[in-house]
Every structure is written in structure tokens, then in C-alpha cells.
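Student: Here's a structure for you.
The values are calculated or read from the model by the stated rules, or taken from the named source; none is laboratory data. Keep in mind it's a predicted model, so treat the numbers as computed, not measured. Don't worry about glycine lacking a Cβ; one is built from the backbone with ideal geometry, like all the others, and counts go over all protein chains shown.
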Amino acid sequence: MRHQKKTLKLGLTASHRKALLANQVCSLIEHQRIKTTLAKAKAVRPLAEKMVTLGKKGSLHARRTALAVLRQKGAVKKLFEDIAPRSASRNGGYTRIVKLGARKSDSAPVAFIEWVDAPQVVEEPVAEEKGKKRKASKTTPADTETKSTSKPKKSEADESESK
């Protein structure tokens, strides 16, 4: 029986799994939000929460422990200076998993994992700009008719030269 064996193995060896999870947490720290499979997001969540708890302690020992796990100085610095102070008043639950549905290629369930205290990312204005460009480039039907049907008229001088 598999009682109290909480580790999600993800079909990887232990060293590969540790490297994958460390890289996922570093990406989460850097980008504030990452898109991954649901199983990986659920595996990343406990490690990310532990790193924020270390960041809240702020001691040299906590910083070295985080560096030993994450292996990226820039990520540890951002964790201790930016993300941990934002979550100082919170007693856990620093991350959120948002399910996105199945991936088209292999039907794997995909999800966003993001910080709860992070500013909201809005992707709506990009779609509006595309719509504005289309509207600006369209011409009215009357404009197209006048452009295509109107022929330059010959002046009287041109007519006398042609005769």
C-alpha cells in the first residue's frame, strides 16, 4: 500500500524530478505565472510554498537552503526581496492553480500556476488593437466603386493631339 507516500513521481527519476521542479519554481518566480500540465502544477505547488516560507524567514540559513534547492541566484534574490514580503501577512496558500482544459495535441490537462498576491495579467487589450486595425483599414463600398469605376478624363489638349 502507498500510505503516506506523498511525492508525485511524474514518471521521472529522482534527480530529473528535482531538477524539473526546481526549474518550474524558478520560472514561476521569474514570470509570476506559468502554464504547465496539471500534474506538474500540483507537484510544483508544495515546493513553491516551502520556498516562500523560507523567504519569509529571511535568514542567511534560509537563503542558503533556498539556493541549494533552486540553484539560481537571481530567482532566490527575487524570492527573498519581492515575493516573500508580498506574502508576509498570509499564513500559507501562496499559489493558485487555474485549470485550462485539455491540450489539443495530446489531451493532457493544462493549468496555470500563479502567485495569489501577484497583479492580475489581462490579455484583452491585444485583441482590441487587432480589431481597431481591421476597422481602420476597411473602406466603404462607395469608396471602392468610385476608385474602380472612375476613369481619368482626357483634357481638350489630349483629344486634339490624338486626332
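Student: Can you find even one residue in segment 87-104 that is within 20 Å of the chain's Cα centre (by Cα), modelled with pLDDT of 65 or more, of a type in the set (Gly, Ala, Ser) and assigned to a helix (DSSP H, G or I)?
Tutor: Checked segment 87-104: no residue is within 20 Å of the chain's Cα centre (by Cα), modelled with pLDDT of 65 or more, of a type in the set (Gly, Ala, Ser) and assigned to a helix (DSSP H, G or I).
Student: Follow-up question, since we're still on this one. Collect the residues in segment 32-70 that are assigned to a helix (DSSP H, G or I), in contact with a strand residue (DSSP E or B) (Cβ under 9 Å, 6 or more places away or on another chain) and farther than 21 Å from Ser89 by Cα, keeping them in residue-number order. Give the steps one after another, and end with the answer.
Tutor: Of the residues in segment 32-70, the ones assigned to a helix (DSSP H, G or I) are 38-57, 60-70.
If we keep only those that are in contact with a strand residue (DSSP E or B) (Cβ under 9 Å, 6 or more places away or on another chain) too, we end up with 38-42, 44-45, 48-49, 52.
Answer for segment 32-70, where residues must be assigned to a helix (DSSP H, G or I), in contact with a strand residue (DSSP E or B) (Cβ under 9 Å, 6 or more places away or on another chain) and farther than 21 Å from Ser89 by Cα: Leu38, Ala39, Lys40, Ala41, Lys42, Val44.
Student: Then there's this: Among residues belonging to segment 70-85 that are surrounded by fewer than 17 Cβ atoms within 10 Å (Cβ to Cβ) and either more than 19 Å from the chain's Cα centre (by Cα) or not charged (D, E, K, R) (or both), point out the one that is nearest to Leu38 (Cα to Cα).
Tutor: The selected residue is Arg71.
Student: Charged (D, E, K, R) and over 27 Å from Lys104 (Cβ atoms), is that true of Arg17? I'd like the intermediate steps shown before the answer.
Tutor: Working: charged (D, E, K, R): yes; over 27 Å from Lys104 (Cβ atoms): no.
Answer is no for this residue.
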